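> Structure in structure tokens, see below.
The values are calculated or read from the model by the stated rules, or taken from the named source; none is laboratory data. All figures in this text were calculated on a predicted structure; none of them were measured in a lab. Cβ coordinates were reconstructed from backbone atoms using ideal geometry, including for glycine residues, and neighbour counts include every protein chain displayed. Accessible surface is based on the protein model in full, side chains and every heavy atom, while ligands, DNA and RNA are left aside. Shrake-Rupley method; radii C 1.70, N 1.55, O 1.52, S 1.80 Å.
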Amino acid sequence: MKRFKEKTVIVTGAGSGMGRATALRFANEGATVVLVGRTSETLEETAKQFPEDHTWIHTDNYMTITCDISVQKPSTRNGKTSD
């Protein structure tokens, strides 16, 4: 029985290391996985490692989001810039 069937998880740093290992573990447990990282290439590499057997319902049961939060930019709310 898959513990995370019909659950969605978001994994940051999913392109390598512990983030990749975490994403793969959730995928193996049946979760829909949202992969977040700095480069789309490494996120796609992680997604390619997802199981292709009956533990994985859809081969495209993931989403990748590329972002870099290390660059600070002022946010805008209601047309006003805040620090």
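> Inspect segment 4-11 for any residue being open to solvent by less than 50 Å² (accessible area, probe 1.4 Å) and part of a strand (DSSP E or B) and give the result as yes or no. Working first, answer last.
Going residue by residue through segment 4-11, those that are open to solvent by less than 50 Å² (accessible area, probe 1.4 Å) are 9, 11.
Checking which are part of a strand (DSSP E or B) leaves us with 9, 11.
Yes, because at least one residue in segment 4-11 is open to solvent by less than 50 Å² (accessible area, probe 1.4 Å) and part of a strand (DSSP E or B).
> Let me ask something additional. For E41, state whether it is modelled with pLDDT of 85 or more, among the acidic types (D, E) and open to solvent by 100 Å² or more (accessible area, probe 1.4 Å).
It is true that E41 is modelled with pLDDT of 85 or more, among the acidic types (D, E) and open to solvent by 100 Å² or more (accessible area, probe 1.4 Å).
> So which pairs qualify, if the first residue must be in segment 35-47 and at positive phi, the second must be part of a helix (DSSP H, G or I) and open to solvent by 70 Å² or more (accessible area, probe 1.4 Å), the Cβ gap must be under 7 Å, and the two must be at least 6 apart or on different chains?
none
> Quick one: in segment 29-45, of everything that is farther than 20 Å from S70 by Cβ and assigned to a helix (DSSP H, G or I), which residue is nearest to the chain's Cα centre (by Cα)?
Applying the filter and picking the extreme gives E44.
> Just give me the residues in segment 14-28 being surrounded by 17 or more Cβ atoms within 10 Å (Cβ to Cβ) and either outside any helix (DSSP H, G or I) or aliphatic (A, V, I, L, M) (or both), in sequence order.
Answer for segment 14-28, where residues must be surrounded by 17 or more Cβ atoms within 10 Å (Cβ to Cβ) and either outside any helix (DSSP H, G or I) or aliphatic (A, V, I, L, M) (or both): A14, G15, A23, L24, A27.
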